[in-house]
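Beneath this line is the structure, given in structure tokens, with notes to follow.
The values are calculated or read from the model by the stated rules, or taken from the named source; none is laboratory data. Just so we're clear, the structure is a prediction, and the values are computed from it rather than from any experiment. We place every Cβ from the backbone using ideal geometry, glycine too, and count neighbours over all the protein chains shown.
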Amino acid sequence: MRILGIDPGSQRTGVGIIDADAAGTSRHVYHAALELLDNASFPLRLKQIFDDMCALIDEHRPDEVAIERVFMARNADSALKLGQARGAAICAAVHKGLAIAEYAPREIKQAVVGGGGADKVQVQHMVGVLLGIRSRIKADAADALAVALTHAHARASLVRTGLSRAAWRRRR
């Protein structure tokens, strides 16, 4: 199973791709931070997210997409922009016919680091350890890989328990 993880942002959007087996064992495929600030306007940033996601999906052929849910941002304007960036990424995945799973930031940190209050440095470190990446990973790309790892672990748990994803969400 190839999983595309997305950490949406209006200035940088992190993307990470892993291959995961039924047991949840994962292998790094690709990661990057899409730099969006070179665009002349915010709508062009959204277009870049959509276009880059479509190209990435065409190149790497993920089976599923996992994306971080919007959390309370510093202010309303930031939250709206983050939501729009997230929407552009979701639209690209849906346009390509992919299933999408969503995870809260605390849920991602819990799955990767073991604690929902982990900081970015801890997430970067654990993503590197879990995927055998020795070089430093940019925070946005590490967050995207963490989203993909969370989805891989959640899928493996569903396989082990025999529950549907909807049933799993209701039990939590």
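Per-structure values
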| quantity | calculated |
| --- | --- |
| Output for the stretch 58-78, where each listed residue is buried (at least 17 other Cβ atoms within 10 Å of the Cβ) and out of contact with any strand residue (DSSP E or B) (no Cβ under 7 Å at 6 or more places or on another chain) | V70 |
| Pairs where the first residue, in the stretch 51-75, is under 18 Å from A146 (Cα atoms) and among the acidic types (D, E) and the second is surrounded by fewer than 19 Cβ atoms within 10 Å (Cβ to Cβ) and modelled with pLDDT of 95 or more, C-beta under 6 Å, 6+ apart | D63/R2 |
| Matching residues, the stretch 129-157, being surrounded by fewer than 22 Cβ atoms within 10 Å (Cβ to Cβ) and over 17 Å from A20 (Cβ atoms) | R134, S135, R136, K138, A139 |
| Any hit, the stretch 90-104, residues being in contact (Cβ under 8 Å) with a residue 12 or more places away in the chain and among the hydroxyl-bearing types (S, T, Y) | yes |
| Wholly within the stretch 1-119, helices (runs of 4 or more DSSP H) carrying at least 1 residues that are among the aromatic types (F, W, Y) and at pLDDT below 95 | none |
| Residue count for the stretch 74-99, restricted to those that are of a type in the set (K, R) and within 11 Å of K47 (Cα to Cα) | 0 |
| Single unsatisfied condition, K81 versus (1) under 24 Å from S157 (Cα atoms); (2) surrounded by fewer than 21 Cβ atoms within 10 Å (Cβ to Cβ) | (1) |
| Close pairs from the stretch 125-144: first of a type outside the set (A, V, I, L, M), partner surrounded by 14 or more Cβ atoms within 10 Å (Cβ to Cβ) and assigned to a loop (DSSP other than H, G, I, E, B), Cβ under 8 Å, at least 6 apart | G128/I137; D140/G9 |
| Only listed residue being of a type outside the set (D, E, K, R) and touching a Leu at 6+ places or on another chain (Cβ under 7 Å), chosen from V121, V147, V127 | V127 |
| Unmet criterion (only one of (1) out of contact with any Asp or Glu (no Cβ under 9 Å at 6 or more places or on another chain); (2) on the phi < 0 side of the Ramachandran plot) for R61 | (2) |
